[in-house]
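Everything on this sheet refers to the single structure shown next.
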Amino acid sequence: MDKVKVLIVDDSAIVRQTLSELLSSDPAIEVIATAANPFIAADRISEQVPDVITLDIEMPQMDGITFLQKIMSQHPIPVIICSSLSEHGSATAMKALESGAVDIITKPKMGTKQFLEESKIRICDAVKAAALVNIRKYVSKRIEVEPKLSADAVIAKNTSKAMIQTTEKVVVVGASTGGTEALKTFLEAFPLDSPGIVIVQHMPENFTTAFAKRLDSICRLSVKEAEDGDTVIRGRALIAPGNYHLLLKRSGARYYIEIKEGPLVSRHRPSVDVLFRSAARYAGSNAIGVIMTGMGDDGAKGMLELKEAGAFTIAQDEKTSVVFGMPNEAIKLGGVNKILPLGSIANFVINKCPF
C-alpha cells in the first residue's frame with residue numbers, strides 16, 4: 001500500500017522537525033516536504049502534490065486560514081490544522097473547519113515539542129484518516145501502534161438489564177472526521193420540542209464551546225457544551241467537552257450528564273464507546289443510537305451494546321459519510337438496525353420518538 005505523503009507547514013523550525021520525525025516513524029506515512037510559510041508551501045505543492053497537509057494558522061506573510069481557503073478553491077487537499085490556538089482563538093478554529101479543514105490538533109504555546117511527541121499516535125491516526133477523505137465531496141490497513149483501551153477503562157460493562165422503559169426517549173450520537181458538518185445537518189432538522197440529544201464529536205479541548213455556540217445560533221433546538229450534572233431535556237442537545245469523557249446517567253425519570261477524566265478509549269477522549277455503553281446501561285430501550293462519519297472503530301462496540309440493550313440503532317450510509325469507518329465497523333459487528341443517508345436520519349429519529 002502506498003504511503004500517505006505529507007507536507008508540513010509551520011513557521012517554527014522545532015515544530016517542523018518534531019512533526020517530521022514522529023510522522024516519519026509511522027511506516028504508513030512519508031513526509032515529502034516541510035515549509036516555513038504558505039508561499040514556500042505553494043512551491044512545494046507545485047513540485048509534488050501531498051495527500052495531506054498539516055497547517056499552522058498563526059504565520060507571517062499569510063495566515064493559515066487564508067492559505068487553507070486558497071487550497072480548497074484551487075486544488076483541494078485534506079488539511080489538518082495543527083495550531084497553538086487558545087480558547088480565545090477557538091472561533092478561528094471553527095472558521096478553519098468551515099473553510100474545509102478535516103481535523104484540528106491543538107498544540108500548547110509552551111512545551112510544544114514534548115506535547116507533539118506524547119501525541120504521536122493521535123497525530124499519525126489523524127493524518128491517515130485525513131488521507132481517506134474525499135476532499136472534493138467534503139468541501140462542496142490502519143497500523144496499530146499499541147493496544148487500544150475499551151470502554152471498560154471508564155465504565156464497567158453491565159450484564160443486568162437497563163432501567164425500565166419510560167415514554168421519554170434520549171438520542172445518543174457519535175461522530176468524528178466530517179462530523180462537524182454532519183451534525184449541523186442532523187441538528188438543523190430537529191424541531192424545538194425535539195427529544196433530548198447527547199453527542200460525542202471527536203474534537204480537541206477548547207473548541208467544543210465554540211462549536212456548540214455555532215450550532216446553537218443556527219438550530220431551532222438549544223445546543224450547548226455539556227457540563228457535569230446537566231439534565232438531558234427536550235429541545236436541547238449537549239455536546240461532550242473536548243478531552244473529557246461524557247456519560248449518560250439516570251436518577252428516577254431524569255437523565256443527566258457525568259463529565260469525567262480517564263484514559264483514552266479507542267484512542268479517544270471523549271469516546272463514543274463510553275457514551276454508548278453508559279446509554280445502554282442507564283437508558284436501554286429508551287435510547288436511540290446514531291453513529292456518523294468518522295475514521296476508526298470508536299463507537300462500534302458501544303453501538304452493539306446499545307442494540308443488545310433494546311435501543312434502536314442507526315448508522316450513516318457510505319455515500320454520505322466523509323469517512324465510512326465508524327459506521328462500517330458498527331455495521332460489521334451487527335450493532336446497527338438501520339442504515340440511512342445523512343439527510344434522512346433526523347426525520348427517522350423524530351418519527352421514532354413520541355411527542
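Brief remarks follow.
- Of the residues V52, S176, I288, the one whose Cα sits farthest towards the positive end of the charge dipole of the chain is I288 (charges of +1 on Lys and Arg Cβ, -1 on Asp and Glu Cβ, taken about the Cα centre).
- E227 paired with K3, simple spin-label distance in nm, labels 7 Å along Cα-to-beta-carbon: 4.8
- Phi angles of region 329-337 translate, via the Karplus equation with coefficients 6.51, -1.76, 1.60 and θ = phi - 60°, into HN-Hα couplings of 5, 5, 5, 5, 6, x, x, 10, 7 Hz per residue; Gly and Pro are given as x.
- For region 307-355, GluC sites (Glu not before Pro) are listed when DSSP marks them as loop and at most 14 other Cβ atoms sit within 10 Å of their Cβ; the list is E318.
- Under 17 Å, Cα to Cα: Lys pairs in region 4-139, sequence gap 8 or more or different chains: 6
- The magnitude of the dipole of the chain, with charges of +1 and -1 set on the Cβ of Lys/Arg and Asp/Glu and taken from the Cα centre, is near 1100 debye.
- Tensor-based shape of region 4-139 (alpha-carbon gyration tensor, a/c under 1.5 rounded, otherwise prolate or oblate): rounded
- Summing Cβ point charges (Lys, Arg +1; Asp, Glu -1) relative to the Cα centre of region 4-139 gives a dipole of roughly 240 debye.
- Between L333 and S73, the simple spin-label model (points 7 angstrom out along Cα→Cβ) gives 4.3 nm.
- Label zone of Q61 (point 7 Å out along Cα→Cβ, amide N under 12 Å): in region 34-53 this covers 35-44.
- Neighbour-count order for S222, S73, fewest beta carbons within 10 angstrom listed first: S73, S222
- Charge context of G174, other residues only, Cβ under 10 angstrom, K/R +1, D/E -1: -2
- Among R136, R277, R269, sorting on how many other beta-carbon atoms sit within 10 Å of each Cβ, with the fewest leading, yields R136, R269, R277.
- Simple point charges give the picture: +1 on the Cβ of Lys and Arg, -1 on the Cβ of Asp and Glu, and for region 152-352 a dipole about the Cα centre of about 440 debye.
- Selection among Q61, A126, L19 by position relative to the dipole of region 4-139 gives A126 as farthest towards the positive end (Cβ unit charges, Cα centre).
- With K and R counted +1 and D and E -1, the other residues having a Cβ less than 14 Å from that of L68 yield a net charge of -4.
- 222 nm mean residue ellipticity, helices alone, for the chain (DSSP H n ≥ 4; -39,500 (n - 2.57); rounded to 500): -10500 deg cm²/dmol
- Fewest-first ordering of E188, E258 by other beta carbons within 10 Å of each residue's beta carbon gives E188, E258.
- Lys/Arg +1, Asp/Glu -1 at C-beta; region 152-352 dipole; positive extreme among I339, Y255, H202: Y255
- Separation of the S344 and I14 label points, Cα + 7 Å toward Cβ, nm: 5.3
- Euclidean distance of C-alpha centroids, region 280-299 and region 218-254, integer Å: 15
- Seen through its C-alpha gyration tensor, with square-root eigenvalues sorted a ≥ b ≥ c, region 197-355 comes out rounded because a/c lies under 1.5.
- Positive contributions from Lys and Arg (+1) and negative ones from Asp and Glu (-1), summed over other residues with Cβ under 13 Å from the Cβ of I80, come out at -2.
Any read-out appearing in this document is the output of simple, stated calculations on the displayed coordinates, not a laboratory observation. Source: prediction; values computed, not measured. Every residue, glycine as well, gets a Cβ built from its backbone with ideal geometry; the counts of neighbours run over all protein chains shown.
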